Structure formats: C-alpha cells, structure tokens
C-alpha cells in the first residue's frame, strides 16, 4: 500500500490532483478504485471510459479520453512505468514472521520438507520430503504433495488434490516491458495461483502466478507432466491437459476441454467448453464452438485430416 | 490382496460363483489367475477367449463371451469400476516401517537427501543432496543421482546409471476413467519403472510408472533433458531420446531407435529397431521397417523433404 | 592434468614424439597448446592446418595432413577415443574440501539449502530452501535462487539474476560417441555454464554445461519455463526465450533474438541479432539477416502465412 504521491515520486513522474491510497495495479477493465492502471496499446482505448482505476499511466495524446475522477499520470512509456511501479507492490519472497504454519489433524509433514510461516494446511494431507511451501499458502484437506514440489507464497490449493514431484506452482509469469534500447524491465507478478478441489497435476509441470489477480485451475482438472500454464490462465472444470501442452498467458479454457500432447495456445484466447484440441494442435484464434480441432494454424480436425490427404496426393504426382 | 467378495462389496457390484483371492488388476492379455481384468472397448473383445483373469468387469451384452471359469462382474461401466478397484490395490506413498534402507559399501549419501525405509542402494553410488528415494527402490552399483532427483517407491534403477538433477522417475501415469458427467476417476498406477544398466537420463525428465507391470528403459539408453515417457512404455537397448521428446503411454521402441528433438508418439505404437525419427516427427502409426522417418503425420523422411520442395514451389507460383 | 603418455597408455594407443602436459580436450579450432583435439568428420579437415592442439586423435588416412609439431594419435575411432579421454579430465561431482563457501554480506541462506565447498556467493542474495549449489559456483550480488534450483559445480551466475524453482543449470550436455555395435560412450562434459548479469530464468528450465569451454547466457536475457538450452549455446544480450523452446547444442543467438513458444533450433546454427522466430518455428539453417521467421523448415514468416493461405485454398477446392 502506497500513496499515489509516493509512487510518482519513485518513478520521477508528476500528476495533478489529490493524493490517493493505492493498493495495487491492474488492467483498465479490472482495476478497483484503489488501483493504478495503464494504457499503452491503443487496442484498449475504449476501456478508458468505464475504468474505475484511481489513476492511469497514459500517453499525452490519449490523456483527454480519461474520465473525470481518474488521475492521469502522463508518460511516454506507460508500460515501462507499470513495470517499475510493480516493484513497489511485490512482497518479500520468504518471510520469517514468527507465526508458524497451521497444520491440520492427521496431516503428515515428512522430514526434509519446508513450510513457511503463515501457511495453512488442512487435514489428512501428505507433505513429502523436499516439498517447499511458501508464506500464507492455503492447502485443503486430503491433498498430497509429492517430493520436491514447490508452491510459491500466497497460492491456494484445494482439497483432494495430488501434485506430483518437481512441479512448480506460483512461479512468476513471463512479464516485462522492453525499453527502446531493447532492455527488459521486470513486471513483478503480484497475483497468485488458485487450484481448486480434486485436481491432479503431473511431474515437473509449471503453473505461473498471475500478474494481477489469479491463475485458476478449476475443479476436477487433470494435468499431465511437463505442462506449461502461463500467468492468468483459467482452466475450466474437468479439463484435461496432456503432457507437454503449453498455454500462453491469459488462455481461458471452458469446462471439459481436452488439449492433446504438445498442443498449445497463443495468448489471450478462449476455448469453448467440451472442445478437443488434437495432439500438437496450435490454437491461433478463439474457439467459439465445441468440436475437435487440430493443426497449426488451428482448423477443424476433419479439415486437417483432409489437408493431409491432399498433401499425400501432391506427393504421389 | 483382497477377496473378490470384498472388492465387489466396495464397488456395490454383484457376481455369481465362488470367492477368490485377488492380488491386483491387469489387462485381459496379461492378467494372471489372481488378477481382475476389464472389457470396455470392443476392440479387445477377441482377447476374452484366452484371458487367464480370475474375474472381469464386463458389460451385460458381452458377458456371454467370457470363457468358463472366469467370473463375470457385470456393470455398465467396466472402466470406471476398474478405476475404483485400483484404489484398493494402491500402496502407501511413504511408509515408515523401521527397516532402514540398505546402503552398499563406498556409496556416498550426501546430507540433505532422503532414502526411505526398505530401499536397497548398491556399492559406490552417489546420492546427492535433495535426492528423494522412495520405499523399496532398488539401485545397482556405481549409479549417480544428481540433486533433487525423485524416485518413487518400488522403482528399480540399474548399475552404472547417471540421472541428472530434477528428474522424476515413477510418478503416476496419466490414467483416469471419465464418467458420463465428464468427471474423472483416478486409475491408481500400481506398477513401477525399471531402468536397466548403463542408462543416462538428463535433467527435469519425467518417466511415469506403469498402471500395471512396468515402464522399462533398457540397457544403454540415452535420454536428454525435459523428455516425457508415459506409463508402460518400453525403450529398447541403446535408444536415444533427444530433448523434449514425448512418448505417449505404451509406446514400444526397439533397440537403437533415435527420436530427434521434440518428436513424439501417439499411444500404443511400436517402432522397429534401428529406426530414426527426425526432430519433430510425430509417430502416428506403427513403424514396422527400420528407416528414417519424419513429419506429422509420420512419413519416410525423404518423402517429407520432397513435400517441403513441393510446398516451396507452390509458394513461388 | 595428465601427460600425453599417460592418456595414451590408458586408451591403449601409441604415438611418436615427445611427451607433453595435457590440460584438457577441445575442438581443432579452439584447442590450446596444452589440449588434445580430434578429427573424425571430414567436414573439419580444413581446420587441421591451423590447429594449435598439442595432439590430435586422427585416422590413418588423414594423419599426413597434420601440421608439424602436433602429435598424431592414430586410431580408427577418434571420436570414441575423445570420449574415453574425457573421463580422465572430469572432476569429482561433489568435493568436501574443508574450504567452506564464502557468503557475502546480507545474503540470506535459507534452511534446507545446500552450498558446496568453494562456492562464492555475493551480497544481498537469497538462496531459498531446497537450492543445491555445487563446488566453486560463483554467484554475483542481489541474485535470487528460488526453491529446488540446482546449480552444478563450477558454473557462474551474475548479479541481479532471478532463477525460478526447479531450474537446473550445468547438467551434462547430451554427448556420447556411438560404437559400431551401437553402444554409447559418454563424453564427459568438462565445461560449465556462465549466466551473466540481470538474467531471469523461469521454472523447471534446463541449461546444459559445455563439453569444452562454456554455455553462455548473456546480460539481460529473459528465459521462460521448461526451456531447454543445449551444451555450448550462446544466447545474446536481451534475448527472449518463451516457454518450451528447445535450443540444440552450439546454437548461437545474437542480441535481442526472440524465440516464440515451442520454437527450436537444430544444432550449430547462428541467428542474427534482432531476429524473431515465431512460435513453433524450427530453425533449420543459419539466419543471417534479421527479420521474422517461422515454420518448419524455417522460412520468412510472411511466406509461412502465404503458404497457409495456399493450403487453405487447396482445402476449398
């Protein structure tokens, strides 16, 4: 929590108007009245009118479109400023607060695991050797963390989950703003990961924490080994992600979506419930209608099969 | 070990005939006389006649094809029942039996590693910090486990092996039965992984344990980093799996098969000895004849090269 | 450090001339006057003339091309002999020398981490639980190693770096010589990894140590989760590697190269500075001119888009 004046002083920026208490950063669409947002990409300019943000990092040429009551923080580089401001809201990686973790009844915490202060583990869980659980992580009941799993601070794991060895939950999303000189400024990832109940996750999979808000894995999902889930993805109930799937940031899957082995999504795309993406399918656009899709770029799977037939005939000529 | 009557009671199913001692579950083809099997997919109906299984979860319409002496457990959902029964045969994840691991002469077990009760480690091995070895794991002589390797219980690793950091051996295969409502019931993976002698495995690779029996990595195999090997795969002697290869469950590779980087297999396929799959090749059918293959769907590599030539010419038009 | 006579005796090989002190192995091009090199692939025969190597494993038919002063070690299998010799130069995996690691001021080393003798950690670093740091590793200032990271011995990590959980730095490159019988002889990877300043690396990524010399990740690079970087790669300043990228051995990227998700390179290729490889692009040849490329085999991205248009039209016929 910082004052707007403090933040702007840290960034070397000026603003007009009253000071405000700022609790964090967010997109124009999702910002609360105590959050700062930003506009760099003109694609989002229409979101200005309805934003509830306390203040917005904004370029001089769009500042006139800001609604009344939202403070303009004018800069030629809003995204860089967002990145710099994000550092002010990051929490300590590992705190020793003196509030020991709360461990539920009949939960077994094996020797060689580490549970940070403030974590809350439910009943009948099994925390195996080499597991590292960060501050304030919440784990439900009957959940198993296999060896060498890492759960970063502030993440939430439901009940009846199984997480296999070496999996990482809550690592920083891949976020940075690049300067004109080509250098990268880290955007601190101040969100978390929420894994709901009855989820099984394979070995050496990675699920990144959200930049703002949460990356969400909903109830009953099954995730295989070596799967990558980028920041701010939402995986619908009972979806199935086969090994080596890669979901780019902000992918949103409906319930019972099946992603075949090595399939992937580009960022910010939505996949309709009950859709199947065949192995190696590359999702390059929103999938609005349930069905079976494959290929890269993505098409209906039966079209992909037809295309393979056409190519085979070309080869025979 | 359970009685058939106990299992059926747990699942709420009835059967006719004498009670039997059941030691586990298996496929129709491989079941022993003390194992239960199942038939859901009509593709396997021909295996009914010769099964040695004690009992079979079977639908009403195929029950008449069961040979005499094999007990029918009639259900509309044999695969779901298999899944539910599998939970009865799973072992504890980590037991504290009071039988300490046996460590061979001149083996160095570094501080910060964990070896569970009942494990047997050979001579002149090196168990580095952060390694977790489960109950009853057997490791041969001269084998090196680099930091943060996890070996799940009951797996077997040969002599003269090198396993690099972060690799996971014996995690659960990706197995579940899906209900008509789209929920997933875990099939407990009660098999193991057997890695034979003189195998080197790279970093952060994952090898899943078998659902029944063993996933097998044969003598002299070389596996690179971030490779996925599904449950019940068999990797032939001296085969080479380059980084990011993904082998779906029950893939069977002959000796000296080479899988190029990011290549993959669909499940239940066989690849002939001395075959090379080029980088990114997607094995979509059995490879019966040794050669060099590539593309997706798979074709002879020289045909794939020809296809690229044809496509390049189309582009020039 | 061995004498040439000792090495040849160990390998059962003869040579003519004076004995020499040998400090290691290297390529013809890079060998110093105290190193042994090898020639098996005729592609490199032109490098014989200018090599500074002390001695060369060489076949009888090319021995006459060796310059004066370079000792010939004649063998029908130079590459196998290189592999066998490499074992003589490998260091102990983990030494207990009694020289404790040096830890800089205000660096926090959390409980449950392991720092081997001879390591040197700078100031204000954070070494989290489950981190394993090998002998003689050097880490700069302000660097964060998240849980369960493994850094193999002799690697170097700069200042202001962030390495996420489960990542492995310095595992052995995928190197072996294969005998005519199809067996593999390990080539010990006696180089290291150098990560320069201000590098962020995601979770469960793997960066292999060099066979000779160093794998290098230059200043300001950003690497996502589950990325594979083979031995002897050089990643130019401020380059960006998105999740599941795979770089084969000796790939050389200029500064500000962007590799999209799941893209990959074949070995020994160079990519010009400021080049973008689209998601899934497969780099099959050197990229000499900056631009946007994609597809597999690689082509200009606009050509790849055009090709997809042509294929879509074929489908409509």
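Quick notes on this structure:
- Diffusion coefficient (Stokes-Einstein, Kirkwood radius over C-alpha pairs, 4 °C, 1.567 mPa s) for the stretch C:2-89: 104 µm²/s, rounded to a whole number.
- When residue C:91 is represented by a point 7 angstrom out along its Cα-to-C-beta vector, the spacings to that point in the other copies are 3.9, 3.9 nm, nearest first.
- Coordinate range along principal axes, alpha carbons of the stretch C:190-317, Å, largest first: 57, 27, 22
- Across peptide A:128-138, the mean count of Cβ atoms from other chains lying within 10 Å of each residue's own Cβ comes to 5.
- Percent antiparallel among DSSP beta bridges (both partners in chain C, rounded to 5): 10 percent
- Our compactness index for the stretch C:182-244, the C-alpha radius of gyration over the empirical 2.2 N^0.38 Å, is 1.19.
- Antiparallel content of DSSP bridges confined to the stretch C:1-144, in %, to 5: 10 percent
- Three principal axis extents of the stretch A:1-156 based on alpha-carbon atoms, in descending order, are 60, 29, 22 Å.
- For chain A, calculated [θ]222 nm from helices alone, where every DSSP H run of n ≥ 4 adds -39500 (n - 2.57): -3000 deg cm²/dmol
- Each copy carries a label point for residue A:68 at 7 Å from Cα along the beta-carbon vector; from one copy to the others these points are 9.5, 9.5 nm apart, nearest first.
- Cα-Cα separations in the stretch C:139-216 greater than 21 Å, expressed as whole percent: 32 percent
- Part-to-part distance (alpha-carbon centres) for the stretch C:246-293 and the stretch C:27-66, which is given in Å: 29 Å
- Highest mean first, the peptides C:148-161, C:21-34 sorted by other C-beta atoms within 10 Å per residue fall in the order C:148-161, C:21-34.
- Each principal axis of the Cα cloud of chain A was taken in turn, and the coordinate range along them, longest first, works out to 66, 63, 34 Å.
- Residue exposure proxy: B:301, A:64, B:164, ordered by other Cβ atoms within 10 angstrom of their Cβ from fewest to most, comes out as A:64, B:301, B:164.
- Estimated D of the protein assembly as shown in µm² per second, where Rh is the Kirkwood radius over Cα pairs and Stokes-Einstein applies at 37 °C, 0.692 mPa s: 112 µm²/s
- Average beta-carbon neighbours from other chains, 10 Å sphere, peptide C:257-265: 4
- Protection proxy ranking of A:250-262, C:43-55 - average other beta-carbon atoms within 10 Å, highest first: A:250-262, C:43-55
- Relative to the other identical copies, residue C:105 shows label-point distances of 5.2, 5.2 nm, where the label point lies 7 Å from Cα along the Cβ direction and values run shortest first.
- Exercise: per-residue mean of other protein chain Cβ atoms within 10 Å, A:167-178: 6
Computed from the coordinates by the stated procedures, all read-outs in this text should not be read as laboratory data. What you are looking at is a predicted structure, and each value in this text was computed from that prediction instead of being measured. Reconstructed Cβ throughout: ideal geometry from the backbone, glycine too, with neighbour counts over all protein chains shown.
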